[in-house]
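Contents: one structure, followed by commentary.
The values are calculated or read from the model by the stated rules, or taken from the named source; none is laboratory data. These numbers were taken from a predicted model, which means no experiment stands behind them. When we count neighbours, we look across all protein chains shown, and the Cβ atoms used for this are built from the backbone with ideal geometry, even at glycine. What goes into the accessible areas is simple: the full protein's heavy atoms, side chains included, and nothing from ligands, DNA or RNA. Shrake-Rupley method; radii C 1.70, N 1.55, O 1.52, S 1.80 Å.
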Amino acid sequence: MRKLSYFVSDVHLGLRLPEAPERERRFVSFLRSIPVEETEALYMLGDIWDFWYEYRDVVPKGFAQVFAALLDLMDAGVKVYFVEGNHDQWSYGYFEELGMICPKEQPFYTEIAGKRFCMGHGDLLGPVKPKYRCIQWMFHNKLFRILFSMLHPRIGMGWGKSWSRQSRTAKPVPRYQYNGESEPLWKWCKACGRPVDFFVFGHYHTPWDVPVGDARLLVLSDWRSPNWLVFNAEDGSMSFVTE
């Protein structure tokens, strides 16, 4: 019986830091550890890559072991979902070509073994700082994407990786602190207006597991310490696993 579903976010593969090869090795180890006979799906909820951009005929080099592990999962019958994050939102069909399922609407809703899920990356839900929303609007703008695609891949990828690295290393950033019922994401979940048992998101790089009425809001941490969520359809349980 395929009773398990896995959820992971914010691995930031390819991050230009000394720890990057070890982070990738640990992620591959996690993928290889998934029991395929018991697993229904793997949900990757954004920022799996620290920067990802697909040109029409060019995709980023590297990550061969990651893709090999993902293909093995799919070949064994595990459904692999990929949801765009704010660092890897420029995917235009390559992941679908590999066999992944890539919902374009965020958040997206689904049902697993009678439990109702709402999930996504989570960065644009609720009140968002105007500067960040403006940047994301620009990144989603069709004209901007066309102009960026005209850059030679060496220039485009070099700029993108530098921007991505600078966005997290320009100054020390403390881990995000959950703000209780004043938390914008919690407020968004509370006002969702649809029946949900589990809200599952990433982006904040800090793990949360808090009630929202009769539902649970679960936020995955980043992979400074490898972590993931496992849902067991047999008993309806959802639990964090930390390596």
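Structural remarks
- For the range 108-128, filtered to residues that are assigned to a loop (DSSP other than H, G, I, E, B) and out of contact with any helix residue (DSSP H, G or I) (no Cβ under 9 Å at 6 or more places or on another chain), the residue that is most open to solvent (accessible area, probe 1.4 Å) is Ala113.
- Residue within the range 51-60 that is in contact with a Phe, Trp or Tyr (Cβ under 7 Å, 6 or more places away or on another chain) and closer than 25 Å to Leu125 by Cα present: yes
- Test: residue in the range 16-30 that is assigned to a strand (DSSP E or B) and touching a Phe, Trp or Tyr at 6+ places or on another chain (Cβ under 7 Å): no
- Identity of the residue in the range 24-38, out of contact with any strand residue (DSSP E or B) (no Cβ under 7 Å at 6 or more places or on another chain) and among the charged types (D, E, K, R), that ends up surrounded by the most Cβ atoms within 10 Å (Cβ to Cβ): Arg26
- Test: residue in the range 91-104 that is touching a residue at least 40 places away in the same chain (Cβ under 8 Å) and hydroxyl-bearing (Ser, Thr, Tyr): yes
- Candidates are the residues of the range 13-30 that are of a type in the set (A, V, I, L, M, F, W, C), out of contact with any Asp or Glu (no Cβ under 8 Å at 6 or more places or on another chain) and in contact (Cβ under 8 Å) with a residue 24 or more places away in the chain; the one that is farthest from Pro226 (Cα to Cα) is Leu17.
- Hits in the range 48-62 - residues which are open to solvent by less than 30 Å² (accessible area, probe 1.4 Å), in contact with a strand residue (DSSP E or B) (Cβ under 9 Å, 6 or more places away or on another chain) and in contact (Cβ under 8 Å) with a residue 40 or more places away in the chain: Ile48, Asp50, Phe51, Tyr53, Glu54, Pro60
- Considering the range 112-135, and only residues there that are under 24 Å from Glu181 (Cβ atoms) and without any contact (Cβ under 8 Å) to a residue 40 or more places away in the chain, the residue that is nearest to the chain's Cα centre (by Cα) turns out to be Leu124.
- Options Ala41, Ala68, Ala76; residue that is closer than 20 Å to Met238 by Cβ, surrounded by fewer than 20 Cβ atoms within 10 Å (Cβ to Cβ) and among the aliphatic types (A, V, I, L, M): Ala41
- Taking the criterion of being touching a helix residue (DSSP H, G or I) at 6+ places or on another chain (Cβ under 9 Å) and assigned to a strand (DSSP E or B), the residues of the range 80-100 that qualify are Val80, Phe82, Trp90.
- Scanning the range 200-240 for residues that are among the aromatic types (Phe, Trp, Tyr), touching a Gly at 6+ places or on another chain (Cβ under 8 Å) and in a strand (DSSP E or B) gives a single hit, Phe201.
- For Lys131, the conditions (1) over 30 Å from Asp197 (Cα atoms); (2) open to solvent by less than 60 Å² (accessible area, probe 1.4 Å) all hold with the exception of (2).
- Take the conditions (1) open to solvent by 30 Å² or more (accessible area, probe 1.4 Å); (2) farther than 22 Å from Lys190 by Cα; (3) out of contact with any Pro (no Cβ under 9 Å at 6 or more places or on another chain); (4) at pLDDT 85 or above; Tyr81 misses just one of them, which is (3).
- The set of residues from the range 198-243 being surrounded by fewer than 22 Cβ atoms within 10 Å (Cβ to Cβ) and at positive phi comprises His205, Gly213, Gly236.
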